[in-house]
Amino acid sequence: MKLWLLRHAPVMLGPGLCYGSSDVPAHAALTREAAMAVSPLLPPGTPVWVSGLLRAQQLAAALQAERSDLGAARIDTRLNEMDFGVWELQRWDAVPPEAFDAWMADFAHHRFGGVESTQMLLYRVAAALGELRPATSTDVLWITHAGVIRAVRHILAKGVHIREAAEWPKEAPEPGGWVTVEL
């Protein structure tokens, strides 16, 4: 089966802000553009799972408007972006270097911002992936976030555990973009 990983459209915030689990809206016109771009590519009846965050749900609604055969999206908060705690809605360049140093020193288990670690993100994404295999034989679409897409790539390439930041996938689709992976 193929898992489609669709990232929400650009958000309505200025550049350089950390917005991880913050429930911020996406740009409406760019959300429609993303839905129109991916909709003709999806197989008929593709099940849709969507993050619990507004920006992903906006894209799910826009996609539903294009393709009613996809049905209602299943909201799954395991597809939410990583929670950066106290750094949410702060400028990335305002985060003290020692906060990044602590995260890089224990990339798996340090809770950057005090809430969620990279390993915690990997565990929740792995749990969602576990529901897809082997029960699902059709393609599935996840409307989600860059961190979740990177987590999926890491899990498929190296497993659910991570030791250091160098193992973390660097690439993720741009906002509104997608990638597919084989499960």
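Once both axes come from the Cα atoms, what is the angle between helix 28-38 and the longest principal axis of the chain, in degrees from 0 to 90, rounded to 10? Between the helix axis and the principal axis of the chain, the angle is about 60 degrees.
Among the listed options [x] 1.01; [y] 2.28; [z] 1.09, the one matching Cα Rg over 2.2 N^0.38 Å as calculated from these coordinates is [x].
Binning at 5 Å from 0, report for the stretch 36-90 what percent of all alpha-carbon pair distances ends up in each bin. Taking every Cα pair in the stretch 36-90, the percentages come to 4, 19, 25, 20, 14, 7, 7, 4, 0. Rg over Rh for the stretch 136-183 works out to 0.97, both radii taken from alpha-carbon positions and Rh defined as the Kirkwood radius. By the equivalent-ellipsoid construction on the alpha carbon gyration tensor, the stretch 1-94 comes out with semi-axes of 26, 14, 10 Å, ordered largest to smallest. Based on the convex hull around the alpha carbon atoms, the stretch 82-183 presents an average projected area of 6.9 nm². Note on the chain: helix-only mean residue ellipticity at 222 nm, from DSSP H runs of 4+ residues weighted -39500 (n - 2.57) and normalised by residue number, equals -10500 deg cm²/dmol. Summary of the geometry: the stretch 1-78 and the stretch 111-131, compared by the centres of their Cα atoms, lie 20 Å apart.
Only the coordinates and a few stated rules stand behind these numbers; no lab work does. Quantities reported herein were computed from a predicted structural model and do not represent experimental measurements.
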